[in-house]
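Notes follow once the structure below has been shown.
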Amino acid sequence: MQLPEGSWWDWDIVDWNAGRLRLGAGSDLTYHHDVELVFSDPVFVMCPAVFHDPVFRAPTPDEVRLVSRQVGETPAVVVAFEADAGGSELASGLIAAGGLDVVQGVVFRYWRRDLADGERLAPWVRPPGA
């Protein structure tokens, strides 16, 4: 997995349903994020809800076996990482899915009326009064 150049310190789960897991990243998630990892058809997810400064790596053979035992096959994408999740030790993450897309663009976490090309709103953002 290759991330675009940037400061991807803060990470969180932006959206998660049966067909998609979307992780957002940026230098500060207070108002927006700038890159997303979009896992299609996630079948195994072990991931903190919020984490910092992840180091992504290839999964170990044991991690691939764990996922394969849980879901009955080896998925197309298996991503592993260690990150600061606020505990005394690094948290491990392991995500297996049918596909992975890296999406760049500003995603605002608050209501904005006029969006430029490539900008969008986070899934939970609604107009005032809605």
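The values are calculated or read from the model by the stated rules, or taken from the named source; none is laboratory data. Everything numeric here is computed off the predicted structure, so don't read it as measured data. In this analysis, Cβ positions are derived from the backbone assuming ideal geometry, glycine residues included, and neighbour counts consider all displayed protein chains. Ligands, DNA and RNA are stripped out before the accessible areas are found, and what is left, the full protein with its side chains, is counted by its heavy atoms. Shrake-Rupley method; radii C 1.70, N 1.55, O 1.52, S 1.80 Å.
Scan the stretch 36-47 and tell me whether some residue there is in contact with a His (Cβ under 9 Å, 6 or more places away or on another chain), surrounded by 12 or more Cβ atoms within 10 Å (Cβ to Cβ) and touching a residue at least 24 places away in the same chain (Cβ under 8 Å).
Checked the stretch 36-47: no residue is in contact with a His (Cβ under 9 Å, 6 or more places away or on another chain), surrounded by 12 or more Cβ atoms within 10 Å (Cβ to Cβ) and touching a residue at least 24 places away in the same chain (Cβ under 8 Å).
Give all pairs with beta carbons closer than 8 Å in which a residue from the stretch 90-114 that is of a type in the set (Ser, Thr, Tyr) meets a residue that is in a loop (DSSP other than H, G, I, E, B); count only pairs at least 6 apart in sequence or on separate chains.
Cβ pairs passing all conditions: Tyr110/Tyr31; Tyr110/Val125.
Which count do you get for residues in the stretch 5-32 that are open to solvent by less than 70 Å² (accessible area, probe 1.4 Å) and closer than 14 Å to Leu100 by Cα?
Matching residues across the stretch 5-32 total 5.
Got at least one residue in the stretch 56-76 being of a type outside the set (Asp, Glu), under 13 Å from the mean Cα position of the chain (by Cα) and open to solvent by less than 30 Å² (accessible area, probe 1.4 Å)?
Within the stretch 56-76, not a single residue is of a type outside the set (Asp, Glu), under 13 Å from the mean Cα position of the chain (by Cα) and open to solvent by less than 30 Å² (accessible area, probe 1.4 Å).
Let's see how each residue does on (1) within 12 Å of Met1 (Cβ to Cβ); (2) modelled with pLDDT of 95 or more:
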{"position": "Tyr31", "(1), (2)": "no, yes"}
{"position": "Ser40", "(1), (2)": "no, yes"}
{"position": "Pro59", "(1), (2)": "yes, yes"}
{"position": "Val64", "(1), (2)": "no, yes"}
{"position": "Thr74", "(1), (2)": "no, no"}
{"position": "Val77", "(1), (2)": "yes, yes"}
